[in-house]
Amino acid sequence: MSSLIQTSESPHDGPLTVAVVSPDRQHRIAATTAVAQCGNIEPREFPEYPPNLNNATSLLGQGFDAVLVDLDGNPQYALELVEALCVARSAIVMVFSGRADPDLILRSMRAGAREFFTVPFAQSTIAKALQWVAAQQQPAPATRKADGRLLVFFGSKGGVGVTTVATNFAVALAEESHQSTLLIDLNLHLGDAALNLGIDPPHSIVDALQNAAHLDANLLSKLVVRHDSGLSVLAAPAELPSAMATNLAIGSLLQVARRQFHYVVVDAGKKIDLKQMHLFEESATAYLVTQVGIPELRNANRLITQFTGDFGPKLEIVINRHQSRSTGLSDEHLAKALNRPIHWKIPNDYTAVRKMQNTAIPIVHQESAIAGVVRQMARSICGTSAKESETARGFSVAGLRFPWKSAAKPVNREKSKTEPSLTQLPPQSLPEPFLR
């Protein structure tokens, strides 16, 4: 068979590199032979699955254009390997098996496999698949948007106001920066960021996480809802989800989101596992929201210790509902209790918070002392000054006079009892399966 990629239109400058992973010798030889016969291909055999999925992406994902995985040796582990490689997005993943089991085909598609082959291989089919792989090896564009900045909010205890702070920060950041900003509500069970903003999204973060291997900018754009402030929101589900999100799925979502948006704000609530903060990588900024109280400060101190060392995201401490006169604790006392300086103090304003919850008007659109602090937090990220903001937006920070009126639509609280899923999206929204 002539070479697949020796054409004048090919963007690929060298031979295609393909890793063949199979613990079965006969399957491995059959796959390697079929790949090699396509021409201008460099196959490499791996006689066993990588023992550690964390190292699999560096072993198989780097240096290979495609990875061909045998499912029959250990189907469950092989599918986990496929998902890990697909989430890393460093190589195109294809799978093969000695049986065309519909359930196995479906699970492979959900894991992110591009192709499903059966043994013995149909040479024309595998050749066509590898030709498509070669066509994807386009040279990187000279310039592209840098990955967006990640800003993660989490709390020392339930009820400290993480969602209130994160939601208003995201609104302020979208308005102050005039750049694309996404708010992700990672509170899968009881998230209410969308409710606070008065939006009723038809889809939720569950749709993104369940299809992490297929997630791209096009699909993500169909799952988010745009608020009147210009902020995009990926909401928590209206109904309790039946399964928890995996770290791989969250990592894939954040990766896609940062490629599409300049700023990605994550409301992680109090359920964030700091041992997995590598998902948010070192360039992220994490905001630990707490308040003055013995349980909150104790928990905050314990969480802060997990940020020690030279790794992990930058950490800023936010004291919410701050009332300096009533607590009797100075900033020095708080900093000593937390072993960290206090970066932000958000004043207590129950009336403004309750108004937001009842009317869906963000606090940063109200006459509240909270608005000034939150906008200052946003400006510290996007680099604008208060004077620039006043000039561009036409309002006085001192007087907190805002020219807009909230256009948020009331939320339909008669929620559907069925959680929206990708089956409810238009057909053109669904990821295209490539099963052979």
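The values are calculated or read from the model by the stated rules, or taken from the named source; none is laboratory data. Note that the structure is a prediction, hence the values are computed from the model and not measured. Every residue, glycine among them, receives a Cβ derived from its backbone with ideal geometry; neighbour counts consider all protein chains shown.
Going through the range 165-183 one residue at a time, which ones are under 20 Å from the mean Cα position of the chain (by Cα) and among the hydroxyl-bearing types (Ser, Thr, Tyr)? Spell out how you get there, then give the answer.
Step one: of the range 165-183, the residues under 20 Å from the mean Cα position of the chain (by Cα) are 165-171, 173-174, 179-183.
Within the range 165-183, THR167, SER180, THR181 qualify.
Does the range 205-224 contain at least one residue that is in the same structural domain as ARG379 (by TED's automatic domain parsing), under 18 Å from ILE363 (Cα atoms) and not small (Gly, Ala, Ser)? Outline the logic, then answer.
Just the residues of the range 205-224 that are in the same structural domain as ARG379 (by TED's automatic domain parsing), to begin with: 205-224.
Restricting the remaining residues to those that are under 18 Å from ILE363 (Cα atoms) gives none.
No, because not a single residue in the range 205-224 is in the same structural domain as ARG379 (by TED's automatic domain parsing), under 18 Å from ILE363 (Cα atoms) and not small (Gly, Ala, Ser).
Out of the residues in the range 152-180 meeting the condition of being out of contact with any helix residue (DSSP H, G or I) (no Cβ under 8 Å at 6 or more places or on another chain) and surrounded by fewer than 24 Cβ atoms within 10 Å (Cβ to Cβ), tell me which one is modelled with the lowest pLDDT.
Only one residue tops the list, namely GLY158.
How about the range 49-123: which helices (runs of 4 or more DSSP H) wholly inside it have at least 3 residues that are crowded, with 18+ Cβ neighbours inside 10 Å and at negative phi?
Details: elements: 53-56, 75-88, 102-111.
The helices (runs of 4 or more DSSP H) meeting that bar are 75-88, 102-111.
All but one of (1) without any contact (Cβ under 8 Å) to a residue 60 or more places away in the chain; (2) in contact with a Ser or Thr (Cβ under 7 Å, 6 or more places away or on another chain) hold for TYR77; state the number of the condition that does not hold.
Failed condition: (2).
So, of the residues in the range 328-354 that are surrounded by fewer than 15 Cβ atoms within 10 Å (Cβ to Cβ) and assigned to a helix (DSSP H, G or I), which turns out to be modelled with the lowest pLDDT?
ASP331
Taking GLU9, is it at pLDDT below 90, loosely packed, with under 13 Cβ neighbours inside 10 Å, in contact with a helix residue (DSSP H, G or I) (Cβ under 9 Å, 6 or more places away or on another chain) and not β-branched (Val, Ile, Thr)? Give the steps one after another, and end with the answer.
On the way: at pLDDT below 90: yes; loosely packed, with under 13 Cβ neighbours inside 10 Å: yes; in contact with a helix residue (DSSP H, G or I) (Cβ under 9 Å, 6 or more places away or on another chain): yes; not β-branched (Val, Ile, Thr): yes.
The answer is yes for GLU9.
Taking interchain pairs and intrachain pairs at least six residues apart, which have beta carbon atoms under 8 angstrom, with the first residue in the range 343-355 and under 9 Å from HIS322 (Cα atoms) and the second basic (Lys, Arg)?
Filtered contacts from the range 343-355: ILE346/ARG321; PRO347/ARG321; ASN348/ARG321.
If you take the residues in the range 23-39 that are polar (S, T, N, Q) and under 21 Å from TRP132 (Cβ atoms), which one is surrounded by the most Cβ atoms within 10 Å (Cβ to Cβ)?
Start the filter on the range 23-39 by keeping residues that are polar (S, T, N, Q), which leaves 26, 32-33, 37.
Then drop every residue that is not under 21 Å from TRP132 (Cβ atoms), which leaves 32-33, 37.
Numbers: THR32: 18, THR33: 13, GLN37: 13.
Here the answer is THR32.
Tally the residues that are of a type in the set (Gly, Ala, Ser) and in a loop (DSSP other than H, G, I, E, B), restricting the search to the range 165-200. Can you show your working first?
Taking the range 165-200 as the starting set, the residues that turn out to be of a type in the set (Gly, Ala, Ser) are 166, 170, 172, 174, 177, 180, 191, 193-194, 198.
Now drop any that are not in a loop (DSSP other than H, G, I, E, B), which leaves 180, 191, 198.
The qualifying residues number 3.
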